[in-house]
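First, the structure itself, so that you have it in front of you.
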Amino acid sequence: MSQRFHISECPVCTASEFRLLMKAEDHLVSHELFHILECTQCAFRFTQGAPVEEEIGPYYDDDAYVEHSDSQSGLIFKLYHKARSIMLSFKFRMIKNVNNGNRLLDVGSASGYFLEYMQGKGYEVDGVEISDKARELCKSRTGIEAHLPVSLINQDLKGKYDIISLWHVLEHVYTMDDYFEAFSHYLAEEGVLLIAMPNHRCLDETYYGKHWCAYDVPRHLWHFEPKTFKLFAAKRGFKVSSIKRLPLDPFYNAMVSASYKKGFKFLPWTIYIGTLSFINGLFIKKKSSSLVYILKKTI
Ligand SMILES: [Zn+2]
């Protein structure tokens, strides 16, 4: 039996009593079941019993994991890559609206599309990426050499950043406290930290439940929503100054979740669910499928 990552204290409120919320399947790689627990004090959800960090590698070893893949085959991938180009300009405009600085650190920079795009817009960019394959791809494609997470955590990078971004990354990180200490260290006085994550308080989660693709066990360890994330950030010296939506995620979530639930990927019904969730998020922002938290340092 491999070693498991066991959480005995809630990272949000430090309570130690949890209830089993659901058993979710790793649909992407192992097809193993993992427990998602909920803290009885603050309702924070997390994955219990994921492989330890040293053993999680094989759970990412699948080209279907589009976040690290440049594959262009298949309808879902084509849509994902189209969505990526729309999202690059969306992210740029979002950042421009919240900070005027031009030093950017992207944590979890994957194959570097965002770094490359932002460099093209005049930003001085640095990336941090754990995957050797993604770092090599980034270097050969863009010439940008991303750092290893250990350099970030050991605070070996030079200077300060006006913007630190994590696009769907924090939910994968084993040592969140180390990362937040590093963010505190690297962020300029008026800098902003942008953290994008799935939000389970959304309509597509209500509909798909344990098949909701953004639970993505065991790769996603933490399942935040606005209430728990604000508490979590406050204890680490950060204040959520605003929250933004990622508009395309409900459609992507509905398509992928439908394929997990019933084995089909692209039917009018999934578009209908995606659209309902999208509209719901338009009216009630904190019910959007994915949220971007804009944080500032408080200490
Ligand atoms: Zn808690």
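Skip the ligands, DNA and RNA, and give the accessible area per residue of the chain with a 1.4 Å probe, whole Å².
Heavy-atom SASA per residue in the chain reads 46 Å².
Label-point separation (nm) for Ser140 and Ser89, each offset 7 Å from Cα along Cα-to-Cβ?
3.0
Restricting to Cα pairs below 8 Å that are 6+ residues apart, what does the relative contact order work out to for the chain? Please round to a whole percent.
17
Pairs Lys96/Lys235; Lys158/Lys244; Lys227/Lys297: which are spaced more than 25 Å apart, C-alpha to C-alpha?
Violating the 25 Å Cα-Cα cut-off are Lys96/Lys235; Lys158/Lys244.
Below 13 angstrom from the Cβ of Leu276, what's the summed charge of the other residues (Lys, Arg +1; Asp, Glu -1)? Intermediate results must be reported in sequence, preceding the final value.
Working: positive: Lys287; negative: Asp204, Glu205.
After counting each charged neighbour, the total is -1.
Given a 1.4 angstrom probe, I'd like the percentage of the accessible area of the chain that is carbon and sulfur, rounded to a whole number.
Answer for the chain is 54 percent, counting heavy atoms of protein chains only.
Based on the Cα gyration tensor of segment 194-299, what are the three equivalent ellipsoid semi-axes, each the root of five times an eigenvalue, rounded to whole Å and given largest first?
27, 15, 9
List the cysteines in the chain whose Cβ has no other cysteine Cβ under 4.7 Å from it.
Among the cysteines of the chain, those whose Cβ sits 4.7 Å or more from every other are Cys138, Cys202, Cys213.
State the extension gain, in nm to one decimal, for the chain segment bounded by Glu54 and Glu181, taking 0.36 nm per residue of separation less the distance between their alpha-carbons.
Values: separation 127, 0.36 × 127 = 45.72 nm, distance 2.17 nm.
Taking 0.36 nm per residue and subtracting the Cα distance, the gain is 43.5 nm.
How about segment 265-294: which chymotrypsin sites (Phe, Trp or Tyr not before Pro) there lie in a loop by DSSP and see at most 15 other Cβ atoms within 10 Å?
Those satisfying the criteria are Phe266.
222 nm [θ] for the chain, helices only, -39500 (n - 2.57) per DSSP H run of 4+, per residue, to 500? Don't jump to the answer; show the numbers that get you there.
Values: 9 runs with 104 residues, N = 299.
So the helix-based figure for the chain works out to -10500 deg cm²/dmol.
Magnitude of the Cβ-charge dipole of segment 190-232, K/R +1 and D/E -1, about the Cα centre, nearest 20 debye? Working shown, then result.
Details: 5 positive and 5 negative charges, 30 e Å.
Here segment 190-232 has a charge dipole of around 140 debye.
I've got another one for you. Span-like helices, the chain: DSSP H, alpha-carbon axial extent 24 Å or more, mean Kyte-Doolittle -1.0 or greater, which ones? Intermediate values should be presented prior to the final figure.
On the way: long enough: 75-98 (34 Å, 0.37).
Helix filter hits for the chain: 75-98.
Now for a different question. Past the 24 Å Cα-Cα mark, which pairs from Lys210/Lys286; Lys230/Lys262; Lys160/Lys286; Lys133/Lys261; Lys121/Lys160?
Beyond 24 Å between Cα atoms: Lys230/Lys262; Lys160/Lys286; Lys133/Lys261.
With 5 Å bins from zero, work out the P(r) of segment 79-182 over every alpha carbon pair and list the percent per bin.
Pair shares across the bins are 2, 12, 24, 25, 22, 12, 3, 0.
Next question. Bin width 5 Å, origin at 0, all Cα-Cα pairs of the chain: what percent of pairs per bin?
Histogram of Cα-Cα distances, whole percents per bin: 1, 5, 12, 16, 19, 19, 15, 9, 3, 0, 0.
The values are calculated or read from the model by the stated rules, or taken from the named source; none is laboratory data. This structure is a prediction, so every number in the text was calculated from the model and none was measured. Every residue, glycine as well, gets a Cβ built from its backbone with ideal geometry; the counts of neighbours run over all protein chains shown. Side chains included, ligands, DNA and RNA excluded: accessible areas come from the protein's heavy atoms. Shrake-Rupley method; radii C 1.70, N 1.55, O 1.52, S 1.80 Å.
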